Amino acid sequence: MPSDPLTAEHVLEFPGGYTRTTGPVIGRFLTELRDGRLMGVRTAEGRTLVPPLEYDPATGEPVTDEWVEVGPAGTVTASAWVHEPRESHPLDRPFAWALIRLDGADTALVHAVDAGSPKALPPGTRVRPVWRAERRGHITDISHFAPEVTKIVSPVSTRYRLTASPSLTRFLEGVRDGVLIGCRCATCEKVYVPYRLTCPECGNPIAGEVTLPDTGTVTTFAINNLPDPRAPEVPFVSAYILLDGADIPLIALVGGVPAHQVRQGMRVRAEWVPAEERTLSMTNIRWFTPTGEPDVEL
Ligand SMILES: [Zn+2]
């Protein structure tokens with residue numbers, strides 16, 4: 001009868017830690033780190049290594065004794081997300097190990113980044129070190145890095161009072177009563193809706209009202225993919241509708257038809273809200289809906 005393999009837990013460690021010397025280059029880096037500075041060392045070819053090394057990894061030549069301050073901010077070049085941090089990890093919540101090229105450096109340093117979510121840390125993200133209150137000359141003097149602040153959410157709200165002109169008031173009174181009021185210029189004979197008092201074409205004053213039908217033709221339209229409280233659903237269509245008998249179109253929603261079926265030349269009719277719900281507002285027309293008549297040549 002097969003038996004499970006025998007196993008035993010072992011721990012390999014130096015209780016209290018393993019003491020090692022740093023050498024002059026890493027020692028200088030860690031000493032500067034204890035003072036809150038990030039330093040790199042120059043190679044003979046003029047590149048700046050951070051973290052510093054005693055030998056240029058590209059040529060094998062000893063580095064120079066020229067040191068330059070880098071960072072403290074840097075750019076993430078790559079990262080790996082840690083979903084379940086271990087006891088020895090620098091953060092007790094999910095974080096990323098990232099390659100960070102500090103400003104002024106030619107190489108990248110590995111450190112932890114507290115970004116909240118892997119989506120918040122694409123390559124190119126700008127990060128800054130979060131220092132520990134007490135530093136002792138160790139890479140963990142930097143607790144971790146954190147993304148720079150690039151976004152805030154500001155409340156935006158404007159309250160204003162709109163006073164309707166006498167002509168717009170007349171038009172809205174019509175809409176409340178389920179009638180679309182336009183006007184005809186006595187000079188150039190153009191018909192405008194909404195009702196207005198001067199002709200934008202010839203500049204002459206307009207006296208007479210014209211009552212227009214609530215049917216028309218879609219001239220141009222846009223399919224909108226962002227929600228709007230007035231719209232039936234997303235996507236929805238807003239259109240320029242030329243009411244029968246008018247010379248300029250009116251902008252309105254088109255509903256009661258899938259957005260992709262709306263077309264230029266489509267015949268539509270206003271869908272009014274019930275009379276008892278109407279106010280002095282264009283929202284009395286819920287939207288325009290297809291009449292089913294044949295399309296019109298524009
Ligand atoms: Zn005119």
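The values are calculated or read from the model by the stated rules, or taken from the named source; none is laboratory data. Predicted model only: the values in this text are computed from it and were never measured. Cβ coordinates were reconstructed from backbone atoms using ideal geometry, including for glycine residues, and neighbour counts include every protein chain displayed. SASA here: full protein model, heavy atoms, side chains in, ligands and nucleic acids out. Shrake-Rupley method; radii C 1.70, N 1.55, O 1.52, S 1.80 Å.
Does Val175 satisfy being touching a helix residue (DSSP H, G or I) at 6+ places or on another chain (Cβ under 7 Å) and either within 28 Å of Pro294 (Cα to Cα) or not β-branched (Val, Ile, Thr) (or both)?
Details: touching a helix residue (DSSP H, G or I) at 6+ places or on another chain (Cβ under 7 Å): yes; either within 28 Å of Pro294 (Cα to Cα) or not β-branched (Val, Ile, Thr) (or both): yes.
Taking the combined requirement at face value, the residue satisfies it.
Residues in segment 232-254 that are without any contact (Cβ under 8 Å) to a residue 24 or more places away in the chain and open to solvent by 50 Å² or more (accessible area, probe 1.4 Å) were compared, and the one that is nearest to Glu173 (Cα to Cα) is Ile251.
With respect to the stated conditions, Tyr240 fails to be under 23 Å from Val273 (Cα atoms), within 16 Å of the ligand (Cβ to nearest atom), touching a strand residue (DSSP E or B) at 6+ places or on another chain (Cβ under 7 Å) and not aliphatic (A, V, I, L, M).
Within segment 270-291, track down each residue that is under 18 Å from Thr220 (Cα atoms) and either touching a Pro at 6+ places or on another chain (Cβ under 8 Å) or among the small types (Gly, Ala, Ser) (or both).
Ala270, Trp287
Of all residues in segment 196-212, those satisfying the criterion of being within 14 Å of the ligand (Cβ to nearest atom) and in contact with a Gly (Cβ under 9 Å, 6 or more places away or on another chain) are Arg196, Val210. Scanning segment 48-70 for residues that are in a loop (DSSP other than H, G, I, E, B), open to solvent by 30 Å² or more (accessible area, probe 1.4 Å) and under 21 Å from Trp131 (Cα atoms) yields a single hit, Pro51. Please indicate, with yes or no, whether at least one residue in segment 9-25 is on the phi < 0 side of the Ramachandran plot and among the small types (Gly, Ala, Ser). The answer is no; no qualifying residue exists.
A single entry from Pro200, Pro213, Pro229 fulfils the requirement of being within 17 Å of Arg286 (Cα to Cα) and open to solvent by 70 Å² or more (accessible area, probe 1.4 Å): Pro229. In this structure, is Pro258 touching a Leu at 6+ places or on another chain (Cβ under 9 Å), at pLDDT below 95 and not aliphatic (A, V, I, L, M)? Considered against the rule, which asks whether it is touching a Leu at 6+ places or on another chain (Cβ under 9 Å), at pLDDT below 95 and not aliphatic (A, V, I, L, M), Pro258 comes out as no. Total residues in segment 56-76 satisfying the condition of being touching a residue at least 40 places away in the same chain (Cβ under 8 Å) and touching a Gly at 6+ places or on another chain (Cβ under 8 Å): the figure is 3.
Yes/no matrix, rows are residues, columns are (1) out of contact with any strand residue (DSSP E or B) (no Cβ under 8 Å at 6 or more places or on another chain); (2) at pLDDT below 90; (3) of a type outside the set (Phe, Trp, Tyr); (4) in a loop (DSSP other than H, G, I, E, B):
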{"residue": "Leu162", "(1), (2), (3), (4)": "yes, yes, yes, yes"}
{"residue": "Phe171", "(1), (2), (3), (4)": "no, no, no, no"}
{"residue": "Gly174", "(1), (2), (3), (4)": "no, no, yes, no"}
{"residue": "Gly178", "(1), (2), (3), (4)": "no, no, yes, yes"}
{"residue": "Ile181", "(1), (2), (3), (4)": "no, no, yes, no"}
{"residue": "Thr187", "(1), (2), (3), (4)": "yes, no, yes, yes"}
{"residue": "Pro194", "(1), (2), (3), (4)": "no, no, yes, yes"}
{"residue": "Pro200", "(1), (2), (3), (4)": "no, yes, yes, yes"}
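For segment 116-146, filtering for residues that are touching a residue at least 60 places away in the same chain (Cβ under 8 Å), touching a helix residue (DSSP H, G or I) at 6+ places or on another chain (Cβ under 8 Å) and closer than 14 Å to Leu91 by Cβ leaves 1.
If you go through segment 33-47 and keep only what is open to solvent by 80 Å² or more (accessible area, probe 1.4 Å) and outside any loop (DSSP other than H, G, I, E, B), you end up with just Arg34.
Step by step: first the residues of segment 121-166, then only those that are among the acidic types (Asp, Glu) and loosely packed, with under 14 Cβ neighbours inside 10 Å, then the one that is nearest to Asp35 (Cα to Cα). Which residue is that? Within segment 121-166, the match that is nearest to Asp35 (Cα to Cα) is Glu134. The residues in segment 184-195 that are of a type in the set (Val, Ile, Thr) and more than 7 Å from the ligand (Cβ to nearest atom) can be counted, and the count is 2.
Let me confirm something: among Thr215, Thr163, which residue is away from the ligand (no atom under 16 Å from the Cβ) and in contact with an Asp or Glu (Cβ under 7 Å, 6 or more places away or on another chain)?
None of the others qualify; the one that does is Thr215.
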